[in-house]
Amino acid sequence: MNLLHLSGRKTCDYILRKGTLWRGKTMNIRWMPGVPPNTRKQLKEQAPQGPYLGTFAPLSLSKRAVDRNRMRRRCREALRISMRDEQEFPSVQLLLSPRSSSLSCDFQDILRDVRLFLSSLRTCLSNHASATPSSNSR
(Lines give C-alpha, C1' and ligand atoms only; values in the text may rest on other atoms or scores of the structure.)
Protein backbone atom coordinates (compact mmCIF):
# COMPACT_ATOMS: atom_id res chain seq x y z
CA MET A 1 0.00 0.00 0.00
CA ASN A 2 1.31 3.42 -0.94
CA LEU A 3 1.38 6.30 1.47
CA LEU A 4 -0.30 9.34 -0.05
CA HIS A 5 1.04 12.84 0.56
CA LEU A 6 -0.61 15.15 3.04
CA SER A 7 0.04 18.65 1.80
CA GLY A 8 -0.96 22.19 2.56
CA ARG A 9 -0.17 24.36 5.52
CA LYS A 10 -3.83 24.85 6.45
CA THR A 11 -4.48 21.11 6.36
CA CYS A 12 -1.49 20.35 8.59
CA ASP A 13 -2.35 23.16 11.01
CA TYR A 14 -5.93 21.87 11.25
CA ILE A 15 -4.70 18.36 12.08
CA LEU A 16 -2.32 19.80 14.69
CA ARG A 17 -5.22 21.59 16.38
CA LYS A 18 -8.06 19.09 16.02
CA GLY A 19 -6.38 15.71 15.47
CA THR A 20 -6.09 12.95 18.02
CA LEU A 21 -2.60 12.70 19.52
CA TRP A 22 -0.74 9.42 19.90
CA ARG A 23 2.57 9.52 21.79
CA GLY A 24 5.26 6.92 21.31
CA LYS A 25 8.86 6.57 22.44
CA THR A 26 10.30 7.63 19.08
CA MET A 27 7.52 9.77 17.55
CA ASN A 28 4.27 11.61 18.07
CA ILE A 29 1.47 11.20 15.56
CA ARG A 30 -1.64 13.32 15.18
CA TRP A 31 -4.37 11.69 13.12
CA MET A 32 -7.85 12.30 11.79
CA PRO A 33 -10.12 9.98 9.82
CA GLY A 34 -11.07 10.84 6.26
CA VAL A 35 -9.57 12.38 3.12
CA PRO A 36 -8.04 15.88 3.35
CA PRO A 37 -10.47 18.56 2.11
CA ASN A 38 -7.98 20.14 -0.30
CA THR A 39 -7.43 16.76 -2.01
CA ARG A 40 -11.18 16.24 -2.38
CA LYS A 41 -11.55 19.67 -4.04
CA GLN A 42 -8.64 19.13 -6.43
CA LEU A 43 -9.76 15.68 -7.55
CA LYS A 44 -13.51 16.47 -7.56
CA GLU A 45 -14.62 13.87 -5.01
CA GLN A 46 -12.54 11.07 -6.63
CA ALA A 47 -9.72 11.19 -4.06
CA PRO A 48 -7.73 7.98 -3.63
CA GLN A 49 -8.46 6.00 -0.47
CA GLY A 50 -5.67 5.18 1.97
CA PRO A 51 -3.39 6.83 4.51
CA TYR A 52 -2.27 10.42 3.86
CA LEU A 53 1.06 11.16 5.55
CA GLY A 54 2.73 14.44 6.39
CA THR A 55 5.83 14.95 8.52
CA PHE A 56 7.38 17.84 10.37
CA ALA A 57 10.43 18.15 12.56
CA PRO A 58 10.72 21.42 14.50
CA LEU A 59 14.02 23.20 14.99
CA SER A 60 13.84 22.35 18.70
CA LEU A 61 14.72 18.72 17.86
CA SER A 62 18.09 19.57 16.38
CA LYS A 63 19.72 22.63 14.91
CA ARG A 64 21.10 20.55 12.06
CA ALA A 65 18.73 20.01 9.12
CA VAL A 66 20.57 16.78 8.29
CA ASP A 67 19.57 15.30 11.65
CA ARG A 68 15.96 16.48 11.42
CA ASN A 69 15.62 15.04 7.91
CA ARG A 70 17.12 11.72 9.01
CA MET A 71 14.62 11.48 11.88
CA ARG A 72 11.74 12.18 9.49
CA ARG A 73 13.00 9.64 6.93
CA ARG A 74 13.50 6.88 9.50
CA CYS A 75 9.99 7.32 10.93
CA ARG A 76 8.38 7.53 7.47
CA GLU A 77 10.23 4.42 6.31
CA ALA A 78 9.13 2.47 9.39
CA LEU A 79 5.52 3.42 8.66
CA ARG A 80 5.90 2.45 5.00
CA ILE A 81 7.39 -0.95 5.89
CA SER A 82 4.68 -1.66 8.46
CA MET A 83 1.89 -0.80 6.02
CA ARG A 84 3.45 -2.57 3.03
CA ASP A 85 1.38 -5.74 3.51
CA GLU A 86 -1.90 -3.94 4.19
CA GLN A 87 -4.46 -4.66 1.49
CA GLU A 88 -7.20 -2.30 2.57
CA PHE A 89 -6.72 0.60 4.93
CA PRO A 90 -9.31 3.32 5.57
CA SER A 91 -8.59 6.92 4.61
CA VAL A 92 -6.84 8.61 7.48
CA GLN A 93 -4.69 11.73 7.75
CA LEU A 94 -1.45 11.25 9.68
CA LEU A 95 0.89 14.03 10.77
CA LEU A 96 4.11 12.50 12.05
CA SER A 97 6.57 14.32 14.28
CA PRO A 98 9.73 12.41 15.28
CA ARG A 99 11.26 12.67 18.72
CA SER A 100 14.97 13.20 19.25
CA SER A 101 15.33 9.57 20.34
CA SER A 102 14.48 8.44 16.79
CA LEU A 103 17.88 9.66 15.59
CA SER A 104 20.03 7.37 17.72
CA CYS A 105 17.79 4.43 18.57
CA ASP A 106 17.72 1.08 16.79
CA PHE A 107 15.40 0.95 13.76
CA GLN A 108 13.54 -1.98 15.34
CA ASP A 109 12.44 0.36 18.15
CA ILE A 110 10.88 2.70 15.59
CA LEU A 111 9.17 -0.24 13.87
CA ARG A 112 7.79 -1.44 17.21
CA ASP A 113 6.44 2.06 17.89
CA VAL A 114 4.73 2.21 14.49
CA ARG A 115 3.15 -1.22 14.91
CA LEU A 116 1.82 -0.19 18.30
CA PHE A 117 0.33 2.96 16.76
CA LEU A 118 -1.28 1.03 13.89
CA SER A 119 -2.91 -1.44 16.28
CA SER A 120 -4.33 1.39 18.41
CA LEU A 121 -5.46 3.22 15.24
CA ARG A 122 -7.34 0.16 14.00
CA THR A 123 -9.07 -0.13 17.38
CA CYS A 124 -10.06 3.55 17.37
CA LEU A 125 -11.29 3.44 13.77
CA SER A 126 -13.36 0.31 14.39
CA ASN A 127 -14.89 1.92 17.51
CA HIS A 128 -15.55 5.09 15.52
CA ALA A 129 -17.24 3.12 12.72
CA SER A 130 -19.43 1.15 15.14
CA ALA A 131 -20.40 4.28 17.08
CA THR A 132 -21.60 6.06 13.93
CA PRO A 133 -25.30 5.33 13.51
CA SER A 134 -26.44 3.91 10.19
CA SER A 135 -28.70 5.94 7.94
CA ASN A 136 -31.58 3.46 8.35
CA SER A 137 -31.80 3.53 12.17
CA ARG A 138 -33.38 6.36 14.09
>> I'd like to check which helices (runs of 4 or more DSSP H) are fully inside segment 33-117 and have at least 3 residues that are of a type in the set (A, V, I, L, M).
In response: 65-83
>> Quick test of your reading of the structure: residue 100 fulfils all but one of (1) at pLDDT 90 or above; (2) closer than 16 Å to residue 3 by Cα. Name the failing condition by number.
In response: (2)
> With 30, 68, 64 as the choices, which residue is touching a Leu at 6+ places or on another chain (Cβ under 7 Å) and over 21 Å from residue 118 (Cβ atoms)?
Replying inline: 68
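The values are calculated or read from the model by the stated rules, or taken from the named source; none is laboratory data. The structure displayed is predicted, hence computed values, not measured ones. Counting neighbours? That spans all protein chains shown, and the Cβs are built from the backbone with ideal geometry, glycine included.
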